Amino acid sequence: MTQSNNESPENWLNDYGDILYRFALARVRSEATAEDLVQETLLAGFLAYDKFSGNSTVRTWLVGILKHKIIDHYRKHSREVTLLNDDETADDVLAYQFDQQGNWQVDLVEWGTPDKSMDDEQFWLAFNDCLTRLPKRMADLLLLRTVDGLATEECCALLGFESDNQLWVTLSRTRVKLRQCLETNWFSKE
Amino acid sequence: MYKCKEIIELTSKEMDTSLPWMTRMEMKLHFLMCKTCSRYAKQLQFMNKALGALEGHDHAKNCRLSESAKQRIAKKMQQAKETVK
């Protein structure tokens, strides 16, 4: 990494611009929006630099600002209630995993000690790839809920789910899809 | 008695809301008897853990800000700096 010892804001764009951009792009899936978010983050960081305590690294601090900007982005563009689309119903995945009676008809691959994978850079590439393959709203939901910790009601409002129940059903299907992808892309290959 | 298909939905739901005591007991019982659902639940736990650790891992390093975007942002930063002065 090209981290300079001089942490002055003039170097942020060079030192952290790409990292912030990748982080934003993975979430919003639009290059233009990701660029805007990086700009907003660096400007907000610059204006608030006197509040930076030095308890974390500048990088962590800027990523924290970016996370807020991403949530703001969803708030500004919150959706009207929309019907679940075909991608999201994921019946294809559920249908082949379960028989008519709702019993498993596939065997899940044993993941062994998956924690080991977390030290492997290749694992994170596979993990991010699987997140990218999820339908956009499913990925948004999973990340806003699990990573950003937004409340269920707020997730419904931001992403246009009409009830808590619809949200839970979709979250479950999202996890089914993500799990399946991780198994195929990573745990079956190890 | 819950079917496996219902158990995996409840397993996910339990990560986001609290379930009635009876439901949780039935799930525990089911996990004792059903290896596949129990494996599924463990894998979901791991996925949650990985999601929590996601932001510490930079990936796809060949994906970068374009030069034009960099210049645009640098210009904005410069303007902000002059305004603050």
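The values are calculated or read from the model by the stated rules, or taken from the named source; none is laboratory data. None of the values given here were measured: they were computed from a predicted structure. We place every Cβ from the backbone using ideal geometry, glycine too, and count neighbours over all the protein chains shown. Note: areas computed on protein heavy atoms with side chains; ligands, DNA, RNA excluded. Shrake-Rupley method; radii C 1.70, N 1.55, O 1.52, S 1.80 Å.
For chain B, the equivalent ellipsoid derived from the Cα gyration tensor has semi-axes of 50, 16, 9 Å, listed largest first.
Here A:Phe52 and B:Lys42 are evaluated by their C-beta separation; at R0 = 35 Å the FRET efficiency comes out at 0.30. Between A:Glu153 and B:Lys75, the simple spin-label model (points 7 angstrom out along Cα→Cβ) gives 4.4 nm. Taking 4.7 Å between C-beta atoms as the pairing limit, chain B has these partnerless cysteines: B:Cys4, B:Cys63.
Sort region A:87-190 into rounded, prolate or oblate with this rule: let a ≥ b ≥ c be the square roots of the eigenvalues of the Cα gyration tensor; rounded if a/c is under 1.5, and if a/c is not under 1.5, prolate when a/b is larger than b/c, oblate otherwise. Note, shape of region A:87-190 comes out oblate. A loss of 20 Å² or more of accessible area (1.4 Å probe, protein heavy atoms, ligands and nucleic acids excluded) relative to the isolated chain is seen in these residues of region A:18-38: A:Asp18, A:Tyr21, A:Arg22, A:Phe23, A:Glu35. Take every pair of alpha-carbon atoms less than 8 Å apart whose residues are at least six positions apart; their mean separation over the length of chain A yields a relative contact order of 22 percent. Sequence-distant contacts, meaning Cα pairs under 8 Å at least 6 residues apart, place the relative contact order of region A:125-190 at 41 percent.
A simple spin-label model places pseudo-atoms 7 Å from Cα toward Cβ; at A:Thr33 and A:Asp164 they are separated by 2.7 nm. When chains A and B come together, the accessible area they lose, probed at 1.4 Å and totalled over both chains, is close to 5100 Å². Only protein atoms count toward the accessible area here, which uses a 1.4 Å probe; on the protein assembly as shown, the carbon and sulfur part of that area reaches 50 percent.
Per residue, the protein assembly as shown exposes an accessible area of 52 Å² to a 1.4 Å probe, with every protein chain left in place. Positive end of the dipole of the protein assembly as shown (Cβ unit charges, origin at the Cα centre): among A:Asn14, B:Ala80, A:Leu25, the Cα lying farthest that way belongs to B:Ala80. Among the cysteines of chain A, those with no neighbouring cysteine Cβ under 4.7 Å are A:Cys155, A:Cys156.
The alpha carbon gyration tensor of the protein assembly as shown gives principal lengths a ≥ b ≥ c with a/c of 1.5 or higher and a/b greater than b/c, which makes the shape prolate. The magnitude of the dipole of the protein assembly as shown, with charges of +1 and -1 set on the Cβ of Lys/Arg and Asp/Glu and taken from the Cα centre, is near 320 debye.
Take each residue in A:46-55, count the other chain C-beta atoms within 10 Å of its C-beta, and the mean is 1. Sequence-ordered 3J(HN,Hα) estimates for region B:55-61 from the Karplus curve with 6.51, -1.76 and 1.60 and θ = phi - 60° stand at 6, x, 10, 7, 9, 6, 5 Hz, glycine and proline given as x.
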